[in-house]
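Engineer: Starting off with a structure, shown below.
The values are calculated or read from the model by the stated rules, or taken from the named source; none is laboratory data. Everything numeric here is computed off the predicted structure, so don't read it as measured data. Quick reminder, even Gly has a Cβ in these numbers, built from the backbone with ideal geometry, and neighbours come from all protein chains shown. These area figures cover heavy atoms from the full protein model, side chains too; ligands, DNA and RNA do not enter into them. Shrake-Rupley method; radii C 1.70, N 1.55, O 1.52, S 1.80 Å.
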Amino acid sequence: MATDQGAAVARAGAGRELRRVPFAVVDEIARHCADDREPNTVHIEIHLPGRVRPDRLREAFARALSRHPRVLMRERGRGPFARRYEWELTDGPGTAAVSFPPCAPGALARARQRALTEAPSLFSAPPLRLEVVEEPGSEGCVLLFTVHHTALDGPACLRIAATAAEIYGGRSAPPVPAPVRPPAGPALPPGGAPAVARPARVAAGSPGPTPGNAMLVTELPVPRREPGTPYTVNDQLMVATALTVADWNRRQGAPDRPLRITMPVDDRTRGPEMPIGNGTRLVEVGFTPGETGPDADLGALLRSTAERTRALKARDRPQLGRGAAVLTAPVLPVAARAALTRGVRRLAAPWISTTLLSNIGRIPYPLDFGPAGRAHAVWFSAPAGMPRGLTFTTASTGGRLHLVLRWSRTLLGEEDGARLCEMFAGRLAATDAEAL
């Protein structure tokens, strides 16, 4: 039925010009560097205590899409000499975005696997899908989103989910304050890995023969802080990530090198007017081998990390840096820029950051689906393509930290992922106020 409606919309719009939006820098770089072996997807799962009604959810989601029309985009066809990729904004979905897989044992595991292996099409709006997963013996359900990261990021999709929850539940959520960027201060404090230093790579474990991504989903306590401490939970997560990777590399016999950890920063408002798309900018937090050694001073490292992250958040910087802005300037045709970008990426691979930590933070929406209840857990995962090959993504709901480790199967195996998760949990617990 939804497919027929999408076809009708396409026919209705065939006789007129649809609005076009050029690809942003992030979109274009992602489009150039796409690799079918490691689909560029963001996975989000929202756990509800009850079950939703299919017709009611489909209607709520369709209305949410109409309230955020920027998500109803598809990649526009182009000629061989076109100088831009462009999104075409449509009047409605072209495919059925919501599906209900059969209720069966292992349904969630299979849905997670699809999120890692099957990216939504960029040529049909919207570039995301929602699967409502139910398993026998459970009274609840999971809303599992798979997002094509060329078009959208996790926070933008979560905003759409929040709108759908408001419509489904029949009540408006309270206003959500926008993130506060720290005031501009002095230059980045001394210390940390120099920007020109070649960073460490995550040492290989015991990968299997199958390419693609794998992930591990877990729940941890949120580490506590003493009142008045200068660092945040994000800084505790950053330190735990750095120490985990440094410890892992030592155990694998890799030489000590500086670490650089990519951290997305999102300054967008979280209200209904939130810009939809890829809206985060990426910064890199550096650590020297001495800071992440076996005898690291955790208190000092937390304080110095807080200084660095605060300064990085306050800096004005293009989303992917000035080099990416130059590569995507519409001077050459898209095909030529694509070849150039892929070549530059191959040459620059040794200098790409060690890993990525994406901390969504406290979920700012109630995600109240009325009779189905409020979300009691929300997990995200970011792509883990090579050469990084490993990402850490966190969010917190109900006082619990929801962590996903995602890795490239060409770098790590299942046991490696479990070991890294165990190491991260231990390192994060060591930053707790009672442990310091």
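Engineer: Among (1) crowded, with 19+ Cβ neighbours inside 10 Å; (2) of a type outside the set (S, T, Y); (3) in contact with a helix residue (DSSP H, G or I) (Cβ under 7 Å, 6 or more places away or on another chain); (4) farther than 20 Å from N213 by Cβ, where does F100 come up short?
Structural biologist: Checking F100 against (1) crowded, with 19+ Cβ neighbours inside 10 Å; (2) of a type outside the set (S, T, Y); (3) in contact with a helix residue (DSSP H, G or I) (Cβ under 7 Å, 6 or more places away or on another chain); (4) farther than 20 Å from N213 by Cβ, the one that fails is (1).
Engineer: Here are some residues: A200, A119. Which one is modelled with pLDDT of 95 or more and closer than 30 Å to R303 by Cα?
Structural biologist: Step by step, each of A200, A119 is checked, and only A200 is modelled with pLDDT of 95 or more and closer than 30 Å to R303 by Cα.
Engineer: Out of everything in segment 223-243 that is assigned to a helix (DSSP H, G or I) and within 13 Å of E307 (Cα to Cα), what residue ends up being most open to solvent (accessible area, probe 1.4 Å)?
Structural biologist: N234
Engineer: Modelled with pLDDT of 95 or more, more than 19 Å from W379 (Cα to Cα), open to solvent by 30 Å² or more (accessible area, probe 1.4 Å) and not aliphatic (A, V, I, L, M) - does that describe any residue in segment 259-273?
Structural biologist: So far as segment 259-273 goes, no, none of its residues is modelled with pLDDT of 95 or more, more than 19 Å from W379 (Cα to Cα), open to solvent by 30 Å² or more (accessible area, probe 1.4 Å) and not aliphatic (A, V, I, L, M).
Engineer: Something else about it: From the list T95, T41, T90, T3, which residue is at pLDDT 95 or above and either more than 28 Å from R346 (Cα to Cα) or surrounded by fewer than 20 Cβ atoms within 10 Å (Cβ to Cβ) (or both)?
Structural biologist: Of T95, T41, T90, T3, the one residue that is at pLDDT 95 or above and either more than 28 Å from R346 (Cα to Cα) or surrounded by fewer than 20 Cβ atoms within 10 Å (Cβ to Cβ) (or both) is T90.
Engineer: Let me ask something additional. Based on this model, can you work out whether A173 counts as at pLDDT below 95 and closer than 21 Å to R56 by Cα?
Structural biologist: So A173 fits the description; yes.
Engineer: Next question. From the set of residues in segment 103-118 that are aliphatic (A, V, I, L, M) and in contact (Cβ under 8 Å) with a residue 12 or more places away in the chain, which is surrounded by the fewest Cβ atoms within 10 Å (Cβ to Cβ)?
Structural biologist: Of everything passing the filter in segment 103-118, A104 is surrounded by the fewest Cβ atoms within 10 Å (Cβ to Cβ).
Engineer: Hey, can you tell me all the residues within segment 269-283 that are on the phi < 0 side of the Ramachandran plot and in a loop (DSSP other than H, G, I, E, B)?
Structural biologist: Those that are on the phi < 0 side of the Ramachandran plot and in a loop (DSSP other than H, G, I, E, B): T269, R270, G271, P272, E273, M274, P275, I276, N278, G279, T280.
Engineer: Select from segment 274-295 the residues that are more than 22 Å from the chain's Cα centre (by Cα) and surrounded by fewer than 20 Cβ atoms within 10 Å (Cβ to Cβ) and list them in ascending order.
Structural biologist: Those that are more than 22 Å from the chain's Cα centre (by Cα) and surrounded by fewer than 20 Cβ atoms within 10 Å (Cβ to Cβ): T288, P289, G290, G293, P294, D295.
Engineer: Out of (1) at pLDDT 95 or above; (2) surrounded by fewer than 16 Cβ atoms within 10 Å (Cβ to Cβ), the odd one out for L298 is which?
Structural biologist: (2)
Engineer: Next question, about the same structure. So P387 fits all but one of (1) in a loop (DSSP other than H, G, I, E, B); (2) of a type outside the set (A, V, I, L, M); (3) over 23 Å from V265 (Cα atoms); what number is the exception?
Structural biologist: Exception for P387: condition (3).
Engineer: Would a scan of segment 246-262 turn up a residue that is under 22 Å from G417 (Cβ atoms) and touching a Phe, Trp or Tyr at 6+ places or on another chain (Cβ under 6 Å)?
Structural biologist: Yes - at least one qualifying residue is present in segment 246-262.
Engineer: Cβ-Cβ distance below 9 Å, separation of 6 or more or different chains: which pairs start in segment 131-159 with a residue that is without any contact (Cβ under 8 Å) to a residue 60 or more places away in the chain and end on one that is surrounded by fewer than 24 Cβ atoms within 10 Å (Cβ to Cβ) and hydroxyl-bearing (S, T, Y)?
Structural biologist: E131/S99
Engineer: Can you give me the number of residues within segment 6-21 that are open to solvent by 60 Å² or more (accessible area, probe 1.4 Å) and at pLDDT 90 or above?
Structural biologist: Of the residues in segment 6-21, 2 are open to solvent by 60 Å² or more (accessible area, probe 1.4 Å) and at pLDDT 90 or above.
Engineer: Do we have any residue at all in segment 245-255 that's part of a helix (DSSP H, G or I), closer than 20 Å to R406 by Cβ and among the aliphatic types (A, V, I, L, M)?
Structural biologist: Yes, segment 245-255 contains at least one residue that is part of a helix (DSSP H, G or I), closer than 20 Å to R406 by Cβ and among the aliphatic types (A, V, I, L, M).
Engineer: When the residues of segment 150-163 are filtered to those that are farther than 13 Å from G271 by Cα and among the small types (G, A, S), which remaining residue is surrounded by the fewest Cβ atoms within 10 Å (Cβ to Cβ)?
Structural biologist: Among them, the one singled out is G154.
Engineer: Output the residue which, of all residues in segment 247-256 that are surrounded by fewer than 18 Cβ atoms within 10 Å (Cβ to Cβ) and at pLDDT 95 or above, is farthest from the chain's Cα centre (by Cα).
Structural biologist: G253
Engineer: Another question about this same structure. Going through segment 139-148 one residue at a time, which ones are part of a strand (DSSP E or B), open to solvent by 10 Å² or more (accessible area, probe 1.4 Å) and within 25 Å of A372 (Cα to Cα)?
Structural biologist: V142
Engineer: Separate question: Among (1) without any contact (Cβ under 8 Å) to a residue 40 or more places away in the chain; (2) within 20 Å of V245 (Cα to Cα); (3) open to solvent by 30 Å² or more (accessible area, probe 1.4 Å), where does R317 come up short?
Structural biologist: Of the numbered conditions (1) without any contact (Cβ under 8 Å) to a residue 40 or more places away in the chain; (2) within 20 Å of V245 (Cα to Cα); (3) open to solvent by 30 Å² or more (accessible area, probe 1.4 Å), the odd one out for R317 is (2).
Engineer: Of all residues in segment 383-419 being among the basic types (K, R) and closer than 23 Å to R260 by Cα, which is nearest to the chain's Cα centre (by Cα)?
Structural biologist: Only one residue fits best here, namely R406.
One line per residue, one yes/no per condition, for (1) of a type outside the set (K, R); (2) touching a helix residue (DSSP H, G or I) at 6+ places or on another chain (Cβ under 6 Å); (3) closer than 25 Å to T241 by Cα:
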residue: P258; (1), (2), (3): yes, no, yes
residue: T262; (1), (2), (3): yes, no, yes
residue: T292; (1), (2), (3): yes, yes, yes
residue: T341; (1), (2), (3): yes, yes, no
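Engineer: A follow-up question, please. Any residue in segment 362-375 that is at pLDDT 95 or above, outside any helix (DSSP H, G or I) and open to solvent by less than 10 Å² (accessible area, probe 1.4 Å)?
Structural biologist: yes
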